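Please read the structure below before turning to the comments.
What follows is calculated from the coordinates using simple rules that are stated; it is not laboratory data. On a predicted model such as this, the values are computed, not experimentally measured, just so you know. Note that we place each Cβ from the backbone using ideal geometry, even for glycine, and neighbour counts take in every protein chain shown.
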Amino acid sequence: MKRSLTPRSLPCAILTFSALGCASAPGHHPLTMATMYAQSAEYAAASRSVYAAARVQLDDALADPDWSAALEQGVDFAGKPPAIVLDVDETVLDNSPYEARLIEDGASYPSGWDAWCNEGIADPVPGALALTKYAAERGVTVFYLTNRKAHLEEGTYRNLVARGFPVDGGLDALLMADERPDWTSNKSSRRQHLSATHRIVMMFGDNLGDFVARDEARGTPAEREGVMARHGEWWGTRWFMVPNAMYGYWDGAVLDYDYARGEAELDRLRLNALEQKR
Ligand SMILES: [Mg+2]
């Protein structure tokens, strides 16, 4: 259910998912725009476009025995059953109503995050449901590889099931951060784990870390641009990036991933990062 934000939400607005502080400036805040965008027809069209491209590509991917989408996979995937791997937050589940709560409450992540996850009421990111269902119908195993922590697995599972996502493997279809000792927020080890039994044919995310090792994904803006460019031909064929303007390493990268600064300093770094032409 959509609710309008009240004026009391404005004086102290949430910055980003990872920000620690609360904005001191009254009035309009950048996250308000980003959250509005996440709830817009334009965003829905964009994410549908991403998933529609994947659907067009999927049959070719399945038919090509040499087709792989996981860097960690190596060449030893012959004969393994196909799988697709999707991140959860802002890839298959839309948390923009949680962001709206934060804006309204003048709070910041992770305030209320566990409760939101356990409510299990996030809606699908547009396009994600159709693609995952189509893949499952084609005999492709669907895995959800998320940096939500292990204690949120049951709530996340309930949410996915309630919205109709294929989770045929039960809880094993979800790979949570910290679920095993070596399953860190670097998703590489979990991709390796899946590659032992499956040929990963496509991956979906909203962050570079959903595709490459965490260290690579968390470089400087210039380094991240290089990572993106190095895999140029995989975007839209093997790797599918859903837009997320609310939070991500793209923001952390200009802050040296250090949100424990004053808001004024964070704002200064963001402004400095903008490229302009006159
Ligand atoms: Mg995500």
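Note down the relative contact order for the stretch 28-243 as a percent, whole number, built from C-alpha pairs under 8 angstrom at least six residues apart.
Relative CO of the stretch 28-243 lands at 30 percent.
Can you list the residues, at least 5 places off or on another chain, whose amide H is less than 5 Å from the amide H of Arg148, using H built in the peptide plane?
It is Ala177, by chain and number.
Order by neighbour count: His151, His193, fewest other Cβ atoms within 10 Å first, most last. The partial results should precede the final answer.
Working: His151 13, His193 17.
With the sparsest Cβ surroundings first, the list reads His151, His193.
Among bridges DSSP assigns within the stretch 28-243, what percent are antiparallel (round to 5)?
Looking only at bridges with both residues in the stretch 28-243, the antiparallel portion is about 10 percent.
Counting other beta carbons within 10 Å of each residue's own, what order do Leu71, Leu175, Leu274 fall into, fewest first?
Working: Leu71 19, Leu175 24, Leu274 7.
With the sparsest Cβ surroundings first, the list reads Leu274, Leu71, Leu175.
Net charge near Ala229, counting Lys/Arg +1 and Asp/Glu -1 over other residues with Cβ under 15 Å of its Cβ?
Net charge in that neighbourhood comes out at -2.
Hey, fewest Cβ within 10 Å first, where do Ser96, Ser47, Ser185 land in order?
Values: Ser96 21, Ser47 24, Ser185 11.
Final ranking by Cβ density, sparse to dense: Ser185, Ser96, Ser47.
Considering all projection directions equally, how large on average is the shadow of the alpha-carbon convex hull of the stretch 88-213, in square nanometres?
7.6 nm²
Just Lys80, Lys133, Lys187 to compare: in a GNM of the chain, with alpha carbon springs under 10 Å, which one fluctuates most?
Top of the fluctuation ranking is Lys80.
Which value in deg cm²/dmol, rounded to the nearest 500, describes the helix-derived mean residue ellipticity at 222 nm for the chain, given -39,500 (n - 2.57) per DSSP H run of n ≥ 4 and division by the residue count?
One gets -11000 deg cm²/dmol as the mean residue ellipticity at 222 nm.
Remind me, relative contact order of the stretch 152-224 in percent, using alpha carbon pairs under 8 angstrom and six or more residues apart?
Working: 50 pairs, mean separation 13.6, N = 73.
Relative contact order of the stretch 152-224: 19 percent.
Per q in 0.09, 0.15, 0.18 Å⁻¹, report the Debye log10 I(q)/I(0) for the stretch 151-278, using one uniform scatterer on each alpha carbon and no solvent.
Rounded to two decimals, the profile gives -0.35, -0.90, -1.17.
Report the number of Lys pairs in the chain whose alpha-carbons are under 26 Å apart, with separation of 8 or more residues or on distinct chains. Write down the numbers at each step before the final one.
On the way: Lys80/Lys133; Lys80/Lys187; Lys133/Lys149; Lys133/Lys187; Lys149/Lys187.
Number of lysine pairs found: 5.
Which three lengths, in whole Å and largest first, does the stretch 41-133 cover when its Cα atoms are put on their principal axes?
Principal axes ranked by extent give 51, 28, 19 Å for the Cα atoms.
Any chance you could list the semi-axes, whole Å, largest first, of the equivalent ellipsoid that the Cα gyration tensor gives for the chain, using √(5λ)?
Working: eigenvalues 202, 91, 61 Å².
Gyration-tensor ellipsoid for the chain: 32, 21, 17 Å.
GNM on the chain, C-alpha springs below 10 Å: top fluctuator among Tyr259, Tyr249, Tyr144?
Per the Cα network of the chain with a 10 Å cutoff, Tyr259 tops the list.
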